[in-house]
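Step one of this worksheet: look at the structure below.
The values are calculated or read from the model by the stated rules, or taken from the named source; none is laboratory data. Note that the coordinates shown come from a computational prediction; the quantities given were computed from them, not determined experimentally. Note: ideal-geometry Cβ built from the backbone for every residue, glycine included; neighbour counts use all protein chains shown.
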C-alpha cells in the first residue's frame with residue numbers, strides 16, 4: 001500500500017493496516033529464529049579445554065556429536081554428564097541522535113544521542129548427557145545414546161526502552177527465548193585395526209519464543225516525520241507494532257564420521273552433519289500500534305515457521321606422543337565449514353493460513369548470511385600420578401563472520417571470533433572430572449553511515465521498507481558492535497566396569513591400546529603362542545624321556561668288578577715265605593676296554609626349546625617423581 005493513509009479511513013482500511021503490520025512482524029520473527037543456528041563452540045569440557053579441536057580424538061561420550069567414529073575404540077560402559085554455561089555480553093552503539101521533536105511533550109528525548117544498547121538476558125545453560133557401551137562383549141562395536149543442545153545462546157534480550165527513551169535497536173531485535181534439543185542414537189565400528197566409522201541419528205526438537213517490533217507508517221497525521229541531516233526520519237514510537245510468535249516443531253538430522261590411525265603417533269578424523277529442515281507450528285499474537293484507536297486488535301492466529309539449519313563439515317589431524325600404551329600428550333588441528341549461505345539462500349518462511357478475515361499470509365525474509373570457516377588448534381598433556389591421571393589442556397580457535405557489514409544486526413552475534421581456552425581433568429579409578437573454559441572475543445565492527453541495510457519493515461506498505469511517501473525508511477543498524485562471551489564447561493564421567501573388577505582384556509586392536517591382550521584367533525594373523533600349561537607339560541615329558549634313556553644306558557653296560565674285601569689281620573705265624581701270585585694278565589683289561597668300546601652310545605635328546613613368551617607392550621617408563629623398583 002503506497003501513499004498517505006489516514007487513521008480516519010474506513011474500517012476495512014484499518015484492518016488492512018493491521019494485516020500489513022502483522023505481516024511485517026512475522027517477517028522479523030522469522031529472521032530472529034533462523035539466527036539461532038550460529039554456534040559458539042563447543043560441546044564437552046574436554047573439547048572446550050583443547051580449543052574445540054576434537055574431531056580426530058572424540059574419546060568420550062561427546063563423540064555422538066563431534067565424530068561418532070570415536071565410539072569404536074571406547075571399551076566398557078561409560079556415562080557422561082556435561083554442561084556449558086554461557087555468559088554473553090553484546091553491545092550496540094547506534095550512530096546519530098533521536099529524530100523526534102524535543103518540543104513535543106511525548107518525545108522529550110528528541111535530539112539526544114542514541115543510548116548504548118546491551119544484552120540483558122543473563123547466563124544460558126546447555127546440557128549434554130551420553131551413555132556408551134560395548135555390552136561387555138564386543139571388541140569392535142560400541143553404541144551410544146544421549147541428548148544435548150547445540151553450543152549456542154538461545155536467550156537474547158535487548159530492552160524496548162532505556163532511561164525513559166525508546167531503544168535504538170527495537171526495529172532490529174528485541175527478545176528470543178528459543179531452544180533446540182537433539183535426542184541421539186549412535187554407533188561406532190572398527191573396520192580394521194586402524195580405520196573406524198560411525199553414524200549418529202538425531203531427532204531435532206525445536207522451540208521458538210520471539211518478540212519483535214515493526215513500524216507501521218500511518219501517514220504524517222498520525223506518525224510524525226522529522227527532518228535530520230537532510231533526511232526524513234520515521235521512527236515515531238506511537239506507530240510501533242509489537243507481536244509475539246511461539247512455535248515448536250521436530251525434524252531429523254544425521255552425523256557421519258570416520259577416524260583413521262595408521263600409526264600410533266598419527267590420527268585423522270572427519271565428520272559431516274546433514275542440513276536440518278524445521279517446520280514449527282504455533283501461535284502469532286499481534287498488538288496494534290498505539291496510534292490506532294482502541295478496539296482494532298485482532299485475535300491470535302495459527303502460524304508456521306519454516307527454516308533450515310546448515311550442513312557442517314569438520315576435518316582434523318593430531319600428533320600423539322605415546323609412552324608404551326599410555327598417551328603422554330597430543331596436538332590437534334581442525335578445520336570446520338558450515339553452509340549458512342546455502343541454508344538461508346531464500347530465508348525463513350512464515351505462514352499464517354487464517355487470521356480472521358485474512359487468509360494465506362506468507363512472508364519470505366532475505367537474511368544475507370554467508371558460509372563460515374573455522375580453525376581450531378589445541379592439545380593435552382597427561383600425567384600418571386600413581387593414584388590417577390591428571391590432564392592439562394589448552395588451545396585457541398578462530399571463526400569467520402557469518403554476515404557482511406550491511407547485514408550486521410543484533411539477532412545473533414555473527415561477528416568474527418577469536419578465543420583462547422584452558423582445561424584440566426583428573427581421572428581417579430572409575431570417576432573422571434573435567435573442567436574447560438573459553439574466553440571468546442568478537443572482533444569489533446563499525447557499520448558507517450550509509451553502509452547499513454537493515455531497515456524497519458512498514459506494515460502500511462505491504463511489508464516493504466518504504467515509508468508512506470514511497471522513500472526507503474532509514475537504516476537502523478549503522479553503528480558500532482562488540483561482544484564478549486565467557487564459556488564454562490563442567491563434565492563428570494563414570495566407568496561402570498571399574499566397579500565390577502579388572503578391565504576386560506581386548507583381543508582386537510593394537511599393542512599401544514590400553515587393555516589389549518593379543519588376538520585369540522585371526523586368520524590374517526600368525527598362530528598365537530601355545531598356552532603356558534601346555535608348554536610346561538611338554539617340557540616335563542621331555543625330561544622324563546631323558547631320564548628313561550639314562551637308565552637304559554646303565555642297564556646295558558657290564559657290571560664292574562668289585563675289589564676284594566679287606567683281609568683281617570691275624571697274629572703273625574712264621575712260615576716259609578710263598579712266592580707272590582702272578583699278576584693278572586693284561587689282556588683282561590684290554591678285553592674290558594674293547595667291550596666298553598663296542599657298547600652302543602645312547603645320546604640324550606636335546607632339551608626342548610624354551611616356551612615362547614606372549615607379545616606384550618613394553619613397560620612404560622616411570623615418571624621423575626616415582627620411586628625406582
Would a scan of region 405-415 turn up a residue that is touching a residue at least 60 places away in the same chain (Cβ under 8 Å), farther than 21 Å from residue 158 by Cα, buried (at least 18 other Cβ atoms within 10 Å of the Cβ) and in contact with a strand residue (DSSP E or B) (Cβ under 6 Å, 6 or more places away or on another chain)?
no
If you scan region 464-487, which residues turn out to be within 27 Å of residue 154 (Cα to Cα) and either at pLDDT below 85 or crowded, with 17+ Cβ neighbours inside 10 Å (or both)?
475, 476, 477, 478, 479, 481, 482, 483, 485, 487
Name the single residue, out of those in region 187-222 being in a loop (DSSP other than H, G, I, E, B) and at pLDDT 85 or above, that is surrounded by the fewest Cβ atoms within 10 Å (Cβ to Cβ).
192
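Every residue, every condition in (1) at pLDDT below 95; (2) in a helix (DSSP H, G or I), yes or no:
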{"site": "6", "(1), (2)": "yes, no"}
{"site": "30", "(1), (2)": "yes, yes"}
{"site": "51", "(1), (2)": "no, no"}
{"site": "55", "(1), (2)": "no, no"}
{"site": "105", "(1), (2)": "yes, no"}
Does residue 261 satisfy the condition of being closer than 30 Å to residue 510 by Cβ, in contact (Cβ under 8 Å) with a residue 40 or more places away in the chain and part of a loop (DSSP other than H, G, I, E, B)?
no
Which pairs do you get when a residue that is part of a helix (DSSP H, G or I), found in region 329-341, comes within reach of a residue that is surrounded by fewer than 24 Cβ atoms within 10 Å (Cβ to Cβ), reach meaning Cβ atoms under 7 angstrom, with the pair 6+ apart or on two chains?
340/310; 340/370; 340/371; 340/372; 341/370; 341/371
When the residues of region 162-181 are filtered to those that are in contact with a helix residue (DSSP H, G or I) (Cβ under 8 Å, 6 or more places away or on another chain) and not in a loop (DSSP other than H, G, I, E, B), which remaining residue is surrounded by the most Cβ atoms within 10 Å (Cβ to Cβ)?
176
Quick one: which of 424, 454 is assigned to a loop (DSSP other than H, G, I, E, B) and on the phi < 0 side of the Ramachandran plot?
454
Of 344, 362, the only residue that is without any contact (Cβ under 8 Å) to a residue 24 or more places away in the chain and either touching a helix residue (DSSP H, G or I) at 6+ places or on another chain (Cβ under 8 Å) or surrounded by fewer than 21 Cβ atoms within 10 Å (Cβ to Cβ) (or both) is 362
Residue, surrounded by the most Cβ atoms within 10 Å (Cβ to Cβ), within region 120-140, restricted to residues that are part of a loop (DSSP other than H, G, I, E, B) and free of Cβ contacts under 8 Å to residues at least 60 places away in the same chain
121
Within region 365-386, the count of residues that are at pLDDT below 90, exposed (fewer than 15 other Cβ atoms within 10 Å of the Cβ) and either on the phi < 0 side of the Ramachandran plot or touching a strand residue (DSSP E or B) at 6+ places or on another chain (Cβ under 9 Å) (or both) comes to 1
Scanning region 226-250 residue by residue, those modelled with pLDDT of 80 or more and assigned to a loop (DSSP other than H, G, I, E, B) turn out to be 234, 235, 236
Residue within region 141-159 that is more than 27 Å from the chain's Cα centre (by Cα) and in a loop (DSSP other than H, G, I, E, B) present:
yes
